[in-house]
Amino acid sequence: MSPCRVMKLKDGAMAIVCSRGSRSNAKPCYVCGQPSRFLCDYPVTKRLVAKGPMEYPNTTTGTCDKPMCERCRNNVGENRDYCNAHFRLSRKEDPTP
Ligand SMILES: [Zn+2]
Ligand SMILES: [Zn+2]
């Protein structure tokens with residue numbers, strides 16, 4: 001079905017009403033573009049730009065948050081999914097299989 005509909009107004013005028021992207025506001029999967037249902041949970045440290053001569057460790061921690069669909073995620077545990085790059089990284093960091 002077309003996302004656009006032609007609506008007839010009371011005075012005889014026509015109006016075209018389009019509904020786009022209202023199904024979900026999910027970001028597209030970073031691999032295949034499908035609507036994502038998962039985010040990369042790999043912890044990352046984002047360094048903020050320090051201003052002035054005094055340098056403080058202006059860091060904030062968060063997660064990678066790359067959007068992934070069910071097929072492209074790498075499930076590493078309960079409610080934990082990594083993107084491909086971080087999945088490889090996590091395997092390298094952890095010597096135990
Ligand atoms: Zn995908
Ligand atoms: Zn990631």
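The values are calculated or read from the model by the stated rules, or taken from the named source; none is laboratory data. Keep in mind the model is a prediction, meaning the values are calculated, not measured. In this analysis, Cβ positions are derived from the backbone assuming ideal geometry, glycine residues included, and neighbour counts consider all displayed protein chains.
Taken over region 2-27, the residue count meeting the criterion of being closer than 30 Å to Cys64 by Cα and modelled with pLDDT of 80 or more is 2.
Being in contact with a Lys or Arg (Cβ under 9 Å, 6 or more places away or on another chain), β-branched (Val, Ile, Thr) and at pLDDT 95 or above, is that true of even one residue in region 53-64? Scanning region 53-64, I find no residue that is in contact with a Lys or Arg (Cβ under 9 Å, 6 or more places away or on another chain), β-branched (Val, Ile, Thr) and at pLDDT 95 or above, so the answer is no. The lone criterion from (1) at pLDDT 75 or above; (2) loosely packed, with under 15 Cβ neighbours inside 10 Å left unmet by Tyr30 is number (2).
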